[in-house]
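These notes concern the structure reproduced below.
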Amino acid sequence: MKAQRNVLAGFLVAGGLLLLAGSLFAHHSQAMYDTSRDVTLTGTVTKFDFVNPHVRIHFQVKKDNGDVEQWVGESAQPNNFRRRGWTRSTLKPGDQIIVTVHAAKDGTKEGHIQSLSLGGKEIHRSPTAD
């Protein structure tokens, strides 16, 4: 009887872990982005979130007609950037950037960052870029 309970408990724990693993993979899906085309934007950083689960860069893009759009670019987790020398102060509000993203399919002003240039120098390129 005790052995049966242990086996049942083991199956329940394993099943729970499988359910959790599925949601973790879904979280990292890029299905919401149009990976078939790149959009390149020139803008001004308004906020830099160097936090888990993903680095996020908030920036303003001035359109030809003078209107300003608020964009958010998302990339990998901070540890990936730390290994390349990035810190919380790598980007600051007011910095001028050029960002290439896979834009959101639903038309919202956000995207997955493919490359990022600061001061005319490329400082990030996604492994999936090109």
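The values are calculated or read from the model by the stated rules, or taken from the named source; none is laboratory data. For clarity, every value in this text was computed on a predicted model and none was experimentally measured. Glycine gets a Cβ as well: all are built from the backbone with ideal geometry, and neighbour counts include every protein chain shown. Ligands, DNA and RNA are stripped out before the accessible areas are found, and what is left, the full protein with its side chains, is counted by its heavy atoms. Shrake-Rupley method; radii C 1.70, N 1.55, O 1.52, S 1.80 Å.
Starting from the stretch 91-111, keep only residues that are among the polar types (S, T, N, Q), then list their pairs with residues that are in a loop (DSSP other than H, G, I, E, B) whose Cβ atoms are within a distance under 6 Å, requiring at least 6 positions of separation or different chains.
Listed by first residue and then by second, the contacts come to THR100/ASP38.
Which of the residues belonging to the stretch 52-76 are β-branched (Val, Ile, Thr) and not in a strand (DSSP E or B)?
Here is the first cut: in the stretch 52-76, the residues β-branched (Val, Ile, Thr) are 55, 57, 61, 68, 72.
Selection gives VAL55 alone.
Can you tell me which residues in the stretch 40-63 are within 18 Å of ALA129 (Cβ to Cβ) and touching a Ser or Thr at 6+ places or on another chain (Cβ under 7 Å)?
THR40, HIS54, VAL55
Among the numbered criteria (1) touching a His at 6+ places or on another chain (Cβ under 9 Å); (2) open to solvent by 40 Å² or more (accessible area, probe 1.4 Å); (3) at pLDDT 90 or above, which one does ARG37 miss?
(3) is the only condition that ARG37 fails.
Checking the structure you have, find out if any residue of the stretch 76-91 is open to solvent by less than 60 Å² (accessible area, probe 1.4 Å) and among the charged types (D, E, K, R).
Scanning the stretch 76-91, I find no residue that is open to solvent by less than 60 Å² (accessible area, probe 1.4 Å) and among the charged types (D, E, K, R), so the answer is no.
Restrict the check to the stretch 16-31 and report whether at least one residue is open to solvent by 80 Å² or more (accessible area, probe 1.4 Å), at pLDDT 90 or above and either farther than 23 Å from HIS124 by Cβ or β-branched (Val, Ile, Thr) (or both). Reasoning before the result, please.
Start the filter on the stretch 16-31 by keeping residues that are open to solvent by 80 Å² or more (accessible area, probe 1.4 Å), which leaves 17-20, 24-25, 27-28.
Filter once more, so that each one left must be at pLDDT 90 or above: none.
No, there is no match, as no residue in the stretch 16-31 is open to solvent by 80 Å² or more (accessible area, probe 1.4 Å), at pLDDT 90 or above and either farther than 23 Å from HIS124 by Cβ or β-branched (Val, Ile, Thr) (or both).
Which condition number in (1) closer than 20 Å to PRO53 by Cβ; (2) outside any helix (DSSP H, G or I) is the one that ASN79 fails?
(2)
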